[in-house]
Structure formats: C-alpha cells, structure tokens
C-alpha cells in the first residue's frame with residue numbers, strides 16, 4: 001500500500017456550499033445535519049454542487065484464531081457459509097445494495113475454510129485466518145501489509161468504476177473480539193466498557209470474550225507499539241483490509257461512510273496510522289454493540305442514525321445512502337431566494 005500523504009478536503013468549496021445553503025428557500029440551518037452532509041460532499045469533491053455519491057460497497061471476510069476461545073455464539077464455519085450467501089445475493093447487504101443501486105463486491109481476505117475458486121468474489125486470501133490475539137500477534141508484519149494492500153486494491157477498483165463514496169462491510173466469526181481489543185488499545189477505555197455480546201453470546205461467552213481481550217491487552221502492555229504494530233498484534237485480516245480501504249479511498253479523494261463496530265475499529269486504527277483520514281470519514285450509525293459509541297467519539301464523528309443495529313456487513317451504512325442522496329439533491333436542486341423571487345429574512 002502506498003504511503004503518499006492524504007489530501008485535505010477543499011475548504012473553499014465547503015464555505016461556498018455553506019453560503020449556498022444559507023441562500024436556499026428555507027430558514028438557515030433548518031435542514032440540520034442534511035446541510036452538513038451536503039457541505040462535506042462539496043468539500044470532498046471540490047465543487048459547490050457535488051455529484052451524487054454513486055456508492056460502492058465492499059464486504060471483507062476473514063476468520064480469527066481467537067474464535068477457538070469460545071467468544072462467538074456461532075461456529076467458525078459460518079464465515080465461509082456467509083460468503084457463499086453473499087455471492088448468491090441472499091445476505092442483508094445484498095438486498096440493501098440492490099435497493100440503493102450500489103456496486104457490491106465481496107473479498108476473501110482470510111477465510112479459514114477453502115472457498116471454491118469459481119465463487120464470484122475477489123479471492124485475495126492473505127492467510128487461513130488470523131492467529132489467536134490472546135496468545136500471540138494476530139498478524140505478522142507481512143500479513144498486515146498484505147491485508148492493507150488487499151483493502152487498498154479494493155478501493156482502487158471501486159473508485160476506478162466511478163464510486164464517489166465507499167462503504168466497507170465485514171464478515172468474520174469472532175471479529176468483535178479483535179475490534180474490541182483495538183478500541184481498548186487505541187482509546188484507553190476498559191474491557192468492560194467496550195466488550196459486548198457481539199452475535200449474542202450468553203454470560204459465560206461474554207466472560208470468555210472479555211478474558212480474551214484482557215489477555216491480548218496484557219500481552220502488549222508496556223510495549224511502545226506503533227499504530228501499525230498495534231493493528232497487527234490485536235486486529236484481523238479483514239479489519240486491516242478495511243483500514244487500507246479507507247486510507248486508499250482518501251488518497252484518491254473519495255470519502256468513506258463508516259458502518260458498525262468492526263468497521264469503526266478499523267477506522268480508528270487507520271486514523272491512528274494517518275490522522276488526516278478523519279476528515280474523509282462519515283459515521284453512519286451507532287450500533288447496540290458495547291463500546292461503539294466510544295469508538296465513534298474517539299474519531300470525533302457523530303452518527304447519522306441509531307436503529308439499534310448489530311449486524312455488520314455494511315448494513316447500517318447502506319441504510320444511510322438514501323439520506324445522503326437526498327441531502328445532496330436538496331442542496332443542488334432547491335431554489336435560492338433570488339431564483340424563486342422569495343423574500344429573505346428581515
């Protein structure tokens with residue numbers, strides 16, 4: 001993955017878009033967050049009237065060694081089974097992508113169970129799952145860099161196909177455990193505040209999950225790790241790929257709409273690697289998963305929706321796509337007071 005500096009959003013375009021909002025036939029600020037969305041897209045695209053976002057959704061799938069510690073309510077085989085479901089168009093994100101006319105791509109970044117090479121997905125498996133973060137580094141340095149590049153390559157494909165907004169989804173049994181470990185490591189919040197039930201583990205499963213995260217954090221405690229090293233020690237193959245996806249999108253001048261707990265953990269890691277990335281992110285929703293709100297706050301973002309979701313796959317972000325499209329349409333197509341011959345405020 002390239003390490004070119006990230007560009008900055010166009011401040012002049014943002015200011016011009018804000019001025020346009022104040023000239024539209026409505027009280028200033030009356031469209032609330034919709035105005036902010038439109039102005040941010042103006043800054044991202046460098047034009048007062050931004051184009052429609054033409055979203056692209058990429059779901060990254062991988063397995064996790066820590067699943068062996070009983071941290072999920074589902075067996076690890078479900079990861080591969082769900083990838084097949086994605087490929088067949090039967091998953092929630094498939095339905096939402098179709099409903100929004102969004103490009104959808106599924107990437108095998110590290111599924112443990114071998115997948116049929118004929119499956120219509122991107123076969124980019126770095127390894128057959130990560131190592132157990134509670135006992136050893138989840139990823140080697142080489143696996144980390146390869147995973148970041150898997151995500152960057154996906155972002156390049158999406159942007160080259162015309163996307164002006166990126167959405168990353170996730171699939172990986174046990175992946176709320178490394179996500180929680182990363183959020184704890186990057187924010188300093190405690191295990192109990194961050195680790196939740198994920199797929200719906202019972203009390204015993206929650207205790208095992210908290211113990212696994214605590215052991216992983218203890219294993220790296222006191223070590224002067226870089227953000228990249230922290231991601232390798234505590235993360236996962238698809239989490240690193242999502243981080244690379246966000247970073248490459250921003251390098252190409254395309255923002256990302258961040259989904260749930262796993263996607264936000266990846267965004268947090270990516271922002272620690274490159275702090276300017278936060279200017280290219282929009283938080284879609286806050287999920288029911290414990291610690292998600294803390295991670296969003298650490299990014300300095302505000303979620304658009306709270307629908308009590310905890311699915312992942314990019315589903316919460318996909319549900320925001322009509323809202324974003326309408327915010328941009330309102331901004332571009334409403335008449336100004338002068339155009340409509342309407343008197344402004346006294």
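Summary of values
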read-out: Mean Cβ neighbour count within 10 Å, used as a protection proxy, ranking 174-180, 105-111 highest first; value: 174-180, 105-111
read-out: Residue of 151, 222, 101 that the Gaussian network model of the chain assigns the largest fluctuation, springs spanning Cα pairs under 10 Å; value: 222
read-out: Inverse mean reciprocal Cα-Cα distance (Kirkwood Rh) of the stretch 213-260, Å; value: 12.4
read-out: The stretch 190-252 versus the stretch 254-281: alpha-carbon centroid distance in Å; value: 14
read-out: Residue of 218, 17, 293 that the Gaussian network model of the chain assigns the largest fluctuation, springs spanning Cα pairs under 10 Å; value: 218
read-out: Ranked list, fewest to most other Cβ atoms within 10 Å of each Cβ, for 213, 122; value: 122, 213
read-out: Pair-distance profile P(r), taking every C-alpha pair of the stretch 63-217, with 10 angstrom steps and integer %; value: 10, 35, 36, 17, 1
read-out: With Cα atoms, 0 to 90° folded angle of helix 11-23 axis to the chain main axis; value: 50
read-out: Globularity index of the stretch 145-269, i.e. its alpha-carbon radius of gyration over 2.2 N^0.38 Å; value: 1.10
read-out: Tensor-based shape of the stretch 253-324 (alpha-carbon gyration tensor, a/c under 1.5 rounded, otherwise prolate or oblate); value: oblate
read-out: Values of log10 I(q)/I(0), in the order q = 0.09, 0.10, 0.16 Å⁻¹, for the stretch 56-324 under a Debye, Cα-only, solvent-free model; value: -0.33, -0.41, -1.15
read-out: Nearest-0.05 FRET efficiency for residue 51 and residue 26, computed from C-beta distance (R0 22 Å); value: 0.50
read-out: Theoretical ellipticity at 222 nm over the chain - DSSP helices of four or more residues, -39500 (n - 2.57) apiece, nearest 500; value: -15000 deg cm²/dmol
read-out: Protection-proxy order for peptides 189-196, 66-73, 55-62, each taking the mean of Cβ atoms within 10 Å per residue, highest first; value: 55-62, 66-73, 189-196
read-out: Cβ-based exposure ranking for 239, 121, in which fewest neighbours within 10 Å come first; value: 121, 239
read-out: Helix axis angle, 315-333 relative to the chain longest principal axis, alpha carbon, degrees; value: 10
read-out: Residue 81/residue 12 FRET efficiency (R0 45 Å; Cβ-Cβ; nearest 0.05); value: 0.35
read-out: Anisotropy class of the stretch 29-93 from Cα gyration tensor, a/c 1.5 cut; value: prolate
read-out: Order of 4, 219, 310 - criterion: other Cβ atoms within 10 Å of each residue's Cβ, fewest first; value: 4, 219, 310
read-out: Beta bridge orientation in the chain: antiparallel %, DSSP, nearest 5; value: 5
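Any read-out appearing in this document is the output of simple, stated calculations on the displayed coordinates, not a laboratory observation. These figures come from a predicted structure and were not determined experimentally. When we count neighbours, we look across all protein chains shown, and the Cβ atoms used for this are built from the backbone with ideal geometry, even at glycine.
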